[in-house]
Amino acid sequence: MGLKEKINSEISTELPCPVASSRLSSSLLKIAGLLEEGVVCGIPTDTVYALAASCKNPQAIEKIYNIKDRPAEKPICICISSVEQLVAAKPPFSPLLWEFMRNVYPGGISCIVSKGNWLFKL
C-alpha cells in the first residue's frame, strides 16, 4: 500500500465528517487540505474529538452547528497559530489583553472575547 492509499485509509469518511488518525502526521496534512476546501473534520484532542472548520468558510462553521445540533447563539472556539493572525483582524482588545496574549501564545491558555465584525477578517 502506497503512502497516499495509507493516508486515505487512515481517514474515515463514513461519519458526518472525516476523522483523522492521531498516529500519522500525514493525516493532519490531509485534514488541513480538507479544511481549506470547506470540509468539517473530526480532530482528536487529549480528551475528546473536536469538530473543526476553517473560520474562512462560514458555510463550514454552519455545518458544525448543524452536526452538533448546537443553538446559533452558543459560541464556538477559534484556534489560532499565532497572535499575528489576530493583529491582522484588528479586534478591539485592550492593551493589557494584547500583552497577555503575546506572553502566553502559542500555549494552552484560552481567552474568551466578545465577537464582532473583526471575526470576518480572520
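Tallying residues that are at pLDDT below 80 and within 20 Å of Ile61 (Cα to Cα) within the range 15-42 yields 7. Which pairs turn up if I take residues in the range 77-93 that are open to solvent by less than 30 Å² (accessible area, probe 1.4 Å) and look for partners that are not in a helix (DSSP H, G or I) with beta carbon separation below 6 Å, at least 6 apart in sequence or on another chain? Taking only residues 6 or more apart or on different chains, the pairs are Val83/Tyr105; Ala89/Leu122. State yes or no: is Ile43 within 15 Å of the chain's Cα centre (by Cα) and at negative phi? It is true that Ile43 is within 15 Å of the chain's Cα centre (by Cα) and at negative phi.
Determine if the range 63-82 includes at least one residue that is basic (Lys, Arg) and either closer than 21 Å to Ser27 by Cα or part of a helix (DSSP H, G or I) (or both).
Checking the range 63-82: at least one residue is basic (Lys, Arg) and either closer than 21 Å to Ser27 by Cα or part of a helix (DSSP H, G or I) (or both).
If only residues of the range 44-54 that are among the β-branched types (Val, Ile, Thr) and modelled with pLDDT of 80 or more are counted, the one that is least open to solvent (accessible area, probe 1.4 Å) is Val48. Within the range 57-69, restricting attention to residues that are open to solvent by less than 60 Å² (accessible area, probe 1.4 Å) and out of contact with any Gly (no Cβ under 6 Å at 6 or more places or on another chain), the residue that is nearest to Lys121 (Cα to Cα) is Ile61. Of the listed requirements (1) modelled with pLDDT under 75; (2) in a helix (DSSP H, G or I), Gln59 misses just one: (1). Selection of the range 99-122 for residues being in a loop (DSSP other than H, G, I, E, B) and in contact (Cβ under 8 Å) with a residue 12 or more places away in the chain yields Tyr105, Pro106, Ser110, Cys111, Val113, Lys115, Gly116, Leu122.
The values are calculated or read from the model by the stated rules, or taken from the named source; none is laboratory data. In this text, all values refer to a predicted model and were calculated from it rather than measured experimentally. All Cβ positions, even for glycine, are placed from backbone atoms using ideal geometry, and neighbour counts span all protein chains on display. When the accessible area is computed, the model is the full protein with side chains, heavy atoms only, and any ligands, DNA or RNA have been set aside. Shrake-Rupley method; radii C 1.70, N 1.55, O 1.52, S 1.80 Å.
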